[in-house]
Amino acid sequence: MISSPLVIEPLFHVGPVPITAPVVVTWGIMVALGGGCWLATRHLKLVPGRGQALLETVVSAIDSQIADTMQVNPAPYRALIGTIFLYVLCANWISLIPGLEPPTAHLETDAALALIVFVATLAYGVRARGLGGYLKTFAEPTWVMIPLNVVEQITRTFSLVVRLFGNIMSGVFVIGIILSLAGLLVPIPLMALDLLTGAVQAYIFAVLATVFIGAAVSEGEAPAPAVPPDPSAQQER
Amino acid sequence: MQIDWWTLGLQAINVLVLVFILARFLFRPVVALMAERQAAATRDLEAARAARAAAEAERTKAAAETAAIAAARTEKVDAALAEGEARKAALLAAARSEADGLRAAAEADIAHVRARAEAAVDDRASRLAVDIAARLLAQLPDDTRVAAFIDGLCAGLAALPEEARASLAVAEEPLQLKAARALSTEEEAICRQKIAAALGHDVTLALSVDPNLIAGLELTAPHAIVRNSWRAALDRILTELTHDGR
């Protein structure tokens with residue numbers, strides 16, 4: 001039975017640090033993703049197999065999404081945006097494994113992700129425009145908007161947190177309630193719906209992060225080059 | 001609402017570590033490979049483009065060489081045709097000239113042979129006619145072969161120019177009188193009388209017989225001959241026939 005999502009109990013302690021379930025699950029995801037990618041990219045070939053073609057398709061889709069959204073070269077943002085998307089997707093879908101709970105169903109994970117996006121937005125904005133140039137964007141279109149722009153920065157970060165947390169937590173919560181009330185197979189349609197919700201939320205979180213970062217750097221970088229061609233299409237050529 | 005700040009911090013660190021891991025083991029190698037593939041494709045395209053350009057150049061060069069070869073061939077063929085035509089014309093002219101010469105020679109030979117054949121035929125025909133005439137005349141009376149010709153001989157003497165008749169009169173040698181047969185004394189006297197009358201003075205006659213005359217008389221002087229015989233007539237006719245036939 002799932003306990004309250006607002007309460008998180010440590011599984012164990014490492015010194016003074018409490019280690020909770022979302023952290024352990026995240027470690028598992030990190031091991032799985034990192035190990036899988038290491039295994040998958042050990043023997044890359046110019047003529048890709050199915051697995052390599054899938055990897056290249058994912059990377060190309062991420063690059064294409066970043067370039068379309070930010071209109072800049074996607075290379076500096078690929079690792080952050082792509083990792084956020086893949087991690088959130090895996091975290092959302094981890095509930096398919098019995099006994100595991102999505103880390104994104106806990107506020108701390110979503111807050112950590114949003115915090116990273118917030119800091120990355122500031123960092124990329126300052127790097128692209130310079131500190132003064134970036135701070136000037138808060139006074140656009142007029143200095144009167146400075147408080148509102150500051151508040152917007154904070155609230156949109158909170159909206160990231162709340163959107164992801166609410167959607168995933170609610171899904172987990174609903175499934176737990178139905179599972180406690182109905183038979184074993186009844187929650188399956190809702191779990192399938194959770195898969196869709198999880199994928200959509202991962203995409204939304206990644207796209208919003210891209211939009212935020214893109215808004216911060218939009219006037220400071222050169223336009224994006226042509227999006228790398230689809231590997232499968234390249235293979236056909 | 002309660003937030004576990006330790007968990008928040010650990011999750012942030014975890015995500016950052018995951019960013020590093022994926023950048024190191026996923027994005028970087030995949031992007032590098034895609035860039036390498038794109039570079040290889042670009043390289044291959046460039047190589048293909050260069051190869052195509054080289055092939056185009058080779059094809060153009062080959063086309064130019066082919067055109068040059070074709071032009072040279074046409075030129076040589078034209079020259080050979082012209083030379084052949086010239087040789088043909090020369091051979092034809094020589095052959096025509098030789099043929100004309102041969103034909104002219106053949107025609108000349110044919111004309112010569114034909115003329116000789118015609119002359120022979122004419123001669124045979126004339127001789128045959130003379131023989132026929134001689135055989136027919138042989139059937140005439142014997143005195144007719146002389147008497148009938150005396151007047152004609154005298155007329156021939158009378159038709160001579162005066163100088164010729166005078167030369168006959170002053171001749172020292174006797175005049176030769178040929179007859180187809182031997183004359184009788186009476187016929188000799190008549191001949192002597194009529195010849196003297198035709199010349200205007202007496203003459204000395206030396207009589208002789210020439211059967212070839214067939215019929216008639218011939219008077220021969222050193223500078224003149226007066227014939228009135230069939231032989232002379234037939235010879236004249238034969239001559240006229242022979243000349244007319246030619």
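What the table below lists for this structure:
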read-out: Test: residue in region A:171-186 that is within 14 Å of chain B (Cβ to nearest Cβ), β-branched (Val, Ile, Thr), surrounded by 13 or more Cβ atoms within 10 Å (Cβ to Cβ) and at negative phi; value: no
read-out: Pair list, Cβ < 9 Å and 6+ apart or interchain, from region A:43-61 residues that are farther than 17 Å from B:Ala23 by Cβ to residues that are of a type in the set (S, T, N, Q) and not in a helix (DSSP H, G or I); value: A:Gln52/A:Thr41
read-out: Residue in region B:58-76 that is β-branched (Val, Ile, Thr), part of a helix (DSSP H, G or I) and within 14 Å of chain A (Cβ to nearest Cβ) present; value: no
read-out: Selection within region A:111-129 - without any contact (Cβ under 8 Å) to a residue 24 or more places away in the chain and either within 14 Å of chain B (Cβ to nearest Cβ) or exposed (fewer than 13 other Cβ atoms within 10 Å of the Cβ) (or both); value: A:Ala112, A:Val119, A:Ala123
read-out: Filter pass, B:Arg37 being of a type outside the set (S, T, N, Q) and touching a helix residue (DSSP H, G or I) at 6+ places or on another chain (Cβ under 7 Å); value: yes
read-out: Filtered residues of region A:13-41 (kept if modelled with pLDDT under 90 and either within 18 Å of A:Gly99 (Cβ to Cβ) or more than 9 Å from chain B (Cβ to nearest Cβ) (or both)); value: A:His13, A:Val14, A:Gly15
read-out: Lone unmet requirement of (1) modelled with pLDDT under 85; (2) under 27 Å from B:Ala166 (Cα atoms); (3) touching an Asp or Glu at 6+ places or on another chain (Cβ under 6 Å) for B:Ala197; value: (3)
read-out: Residue count, region A:45-60 (criterion: part of a helix (DSSP H, G or I) and charged (D, E, K, R)); value: 2
read-out: Among (1) within 11 Å of chain B (Cβ to nearest Cβ); (2) free of Cβ contacts under 8 Å to residues at least 12 places away in the same chain; (3) of a type in the set (Gly, Ala, Ser), the one test that A:Gly82 misses; value: (2)
read-out: Region A:85-105, residues that are over 24 Å from B:Leu26 (Cα atoms), buried (at least 20 other Cβ atoms within 10 Å of the Cβ) and either among the hydrophobic types (A, V, I, L, M, F, W, C) or within 7 Å of another protein chain (Cβ to nearest Cβ) (or both); value: A:Ala105
read-out: Output for region A:29-42, where each listed residue is closer than 30 Å to A:Glu108 by Cα and without any contact (Cβ under 8 Å) to a residue 60 or more places away in the chain; value: A:Met30, A:Val31, A:Ala32, A:Leu33, A:Gly34, A:Gly35, A:Gly36, A:Cys37, A:Trp38
read-out: Which numbered condition A:Glu108 fails, given (1) of a type outside the set (S, T, N, Q); (2) free of Cβ contacts under 8 Å to residues at least 24 places away in the same chain; (3) closer than 27 Å to B:Leu8 by Cα; (4) in a helix (DSSP H, G or I); value: (2)
read-out: B:Ser167, sole failed condition from (1) polar (S, T, N, Q); (2) closer than 27 Å to B:Val226 by Cβ; (3) within 37 Å of the chain's Cα centre (by Cα); value: (3)
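Quick grid of which residues meet (1) under 23 Å from B:Thr239 (Cα atoms); (2) among the small types (Gly, Ala, Ser):
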| position | (1), (2) |
| --- | --- |
| B:Ala53 | no, yes |
| B:Lys61 | no, no |
| B:Ala80 | no, yes |
| B:Ala89 | no, yes |
| B:Ala95 | no, yes |
| B:Ala106 | no, yes |
| B:Arg114 | yes, no |
| B:Ile132 | yes, no |
| B:Leu140 | no, no |
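The values are calculated or read from the model by the stated rules, or taken from the named source; none is laboratory data. Not measured: the values here are computed from a predicted model. Neighbour counts run over all protein chains shown; Cβ positions are idealised from the backbone, glycine included.
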